[in-house]
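First the structure, in the form of structure tokens, and then the observations on it.
The values are calculated or read from the model by the stated rules, or taken from the named source; none is laboratory data. It should be emphasised that the depicted structure is a prediction, and the values quoted were computed from it without experimental measurement. When we count neighbours, we look across all protein chains shown, and the Cβ atoms used for this are built from the backbone with ideal geometry, even at glycine.
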């Protein structure tokens, strides 16, 4: 197991810094130790020190997007066309059409409508409209999160740093990909995305459309929008039941 030795707090730009390190190799049982390249591994350890330069989330964003030079990592962009090919396969594998009809036209229409998935254009990290949608290249989902939010949330040191905003798998900036399909959705519906209207329906042919407001969720706040049945269920779910045992 290795532990990071952070010397950043000891570094002052105005003063020179001299780092002197010594390491010791301890071998407890030579007879049972493995030897690689003439070096005994059992009981051995090494000390590694690194001085890192702090880069703010906004500067790192510019470097990753190629706006500002100096970074050794650029986030690749998955074109809208390539992203649609992946999305079509994803939707086809995630949806099943159940139709009780012998009418071929009705069957085709119902299949087109049922072969669709809903995604949110709100960043799952901060619940704000996304501007630069990204996800991990190895993630199994299509849902994206906002790059700038991802960098800012990881600025503070914690045990949960560098996790995907959706599946929470470990995610390095080198594994991020900029999704052209989600970017096309954001560009098309920019200014219309909000907390009460953020869902996009993605169909199996790659087309998409912005869905209506989340009526049930905001029916009580807006004084309408949902059916009487929906309002009744929402009211029943939110009401408290008090039982007097006296």
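Would it be correct to say that residue 144 is closer than 21 Å to residue 79 by Cα, touching a strand residue (DSSP E or B) at 6+ places or on another chain (Cβ under 9 Å) and modelled with pLDDT of 85 or more? Before you say what the answer is, go through the steps one by one.
Numbers: closer than 21 Å to residue 79 by Cα: yes; touching a strand residue (DSSP E or B) at 6+ places or on another chain (Cβ under 9 Å): yes; modelled with pLDDT of 85 or more: yes.
Against the criterion (closer than 21 Å to residue 79 by Cα, touching a strand residue (DSSP E or B) at 6+ places or on another chain (Cβ under 9 Å) and modelled with pLDDT of 85 or more), residue 144 qualifies.
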> Within the stretch 168-187, which residues are out of contact with any helix residue (DSSP H, G or I) (no Cβ under 9 Å at 6 or more places or on another chain), surrounded by 12 or more Cβ atoms within 10 Å (Cβ to Cβ) and under 18 Å from residue 128 (Cα atoms)?
Replying inline: 185, 186
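For the stretch 143-222, list the strands (runs of 3 or more DSSP E) that sit wholly inside it and hold at least 2 residues that are closer than 21 Å to residue 59 by Cβ; which are they?
Numbers: elements: 176-179, 199-203, 208-210.
Qualifying strands (runs of 3 or more DSSP E): 176-179.
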